[in-house]
Amino acid sequence: MSTTQDLLKIIQTRKSIKSYKPDMVPKEIIDQIVMAGTYAPTGMNRQSPIIIAVTNKEMRDRLSKLNASIMGSDKDPFYGAPVVLIVLADKNIPTHVYDGSLVMENLMLAAHALGIGSCWIHRAKEEFELPEGKEILKSLGIEGEYEGIGHCILGYPAVEYPEPTARKENWVYYIE
């Protein structure tokens, strides 16, 4: 299979995973996934997003509780995934939400290509608007006005990898 065919297969077969083994993803693999995120296109190449890679269990669990409280739940919104990649983007850049969304997609596609499950978890915006979220950024020396775009959770799937779902009708319209 050609590289183009491989890429298209990765795009077509990536699915959100919602159950993970507790095994930590090796740092070398996390680094490859994060690097792919840094190559996402951004408006005028301003590179407004940043990525926070969380492998520390205490911080991961702290973020999980914060995210769950925003959702109004006591369940782990990260589905047991041991790694959380938080994508934030500079609010002063008009394309920051789009830029961060493209980073999220690159992270998930790279994870799938490397045999790692992933899922986009929301509520990062709300998390990092709270004093606790702002304190996390401050503790890392991150200054500026950042908006949480999403959490890309990573881990080894504890379930069978789901089959791709059929595409809806009328997804694409052509003007020829």
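The values are calculated or read from the model by the stated rules, or taken from the named source; none is laboratory data. Model, not experiment: these values are computed from the prediction. Backbone-built Cβ (ideal geometry, glycine too); neighbour counts: all protein chains shown. Surface accessibility is based on the protein's heavy atoms, side chains included, excluding ligands, DNA and RNA. Shrake-Rupley method; radii C 1.70, N 1.55, O 1.52, S 1.80 Å.
Laid out as a table, the results:
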{"item": "Residue in the range 93-112 that is polar (S, T, N, Q) and in contact with an Asp or Glu (Cβ under 9 Å, 6 or more places away or on another chain) present", "result": "no"}
{"item": "Unmet criterion (only one of (1) under 15 Å from the mean Cα position of the chain (by Cα); (2) over 20 Å from residue 43 (Cα atoms); (3) of a type in the set (A, V, I, L, M, F, W, C)) for residue 107", "result": "(2)"}
{"item": "Enumeration of residues in the range 1-60 that are part of a loop (DSSP other than H, G, I, E, B) and of a type in the set (S, T, N, Q)", "result": "2, 19, 42, 47, 48, 55, 56"}
{"item": "Cβ pairs under 6 Å, 6+ apart, first in the range 137-153 and under 20 Å from residue 64 (Cβ atoms), second open to solvent by less than 40 Å² (accessible area, probe 1.4 Å) and part of a loop (DSSP other than H, G, I, E, B)", "result": "148/128; 153/78; 153/81"}
{"item": "Filtered residues of the range 122-171 (kept if in contact with a strand residue (DSSP E or B) (Cβ under 7 Å, 6 or more places away or on another chain) and among the basic types (Lys, Arg))", "result": "125"}
{"item": "Filter result (of a type in the set (Gly, Ala, Ser) and over 21 Å from the mean Cα position of the chain (by Cα)) within the range 145-176", "result": "166"}
{"item": "Number of positions in the range 28-43 that are open to solvent by 30 Å² or more (accessible area, probe 1.4 Å) and of a type outside the set (D, E, K, R)", "result": "7"}
{"item": "Residue ranges of helices (runs of 4 or more DSSP H) in the range 67-152 with at least 3 members closer than 23 Å to residue 29 by Cβ", "result": "96-113"}
{"item": "Test for residue 60: is it open to solvent by less than 30 Å² (accessible area, probe 1.4 Å) and of a type outside the set (Phe, Trp, Tyr)", "result": "yes"}
{"item": "Residue match in the range 87-100 (condition: over 22 Å from residue 47 (Cβ atoms) and open to solvent by 90 Å² or more (accessible area, probe 1.4 Å))", "result": "no"}
{"item": "Test for residue 13: is it within 23 Å of residue 134 (Cα to Cα), surrounded by fewer than 17 Cβ atoms within 10 Å (Cβ to Cβ) and not charged (D, E, K, R)", "result": "no"}
{"item": "Condition check for residue 53: open to solvent by 50 Å² or more (accessible area, probe 1.4 Å), under 13 Å from the mean Cα position of the chain (by Cα), farther than 17 Å from residue 93 by Cβ and at pLDDT 95 or above", "result": "yes"}
{"item": "Subset of the range 130-176 (residues that are surrounded by 10 or more Cβ atoms within 10 Å (Cβ to Cβ), more than 30 Å from residue 91 (Cα to Cα), of a type in the set (Ser, Thr, Tyr) and at pLDDT 95 or above)", "result": "156"}
{"item": "Only listed residue being free of Cβ contacts under 8 Å to residues at least 40 places away in the same chain and either among the acidic types (Asp, Glu) or more than 30 Å from residue 4 (Cβ to Cβ) (or both), chosen from 99, 90, 61", "result": "61"}
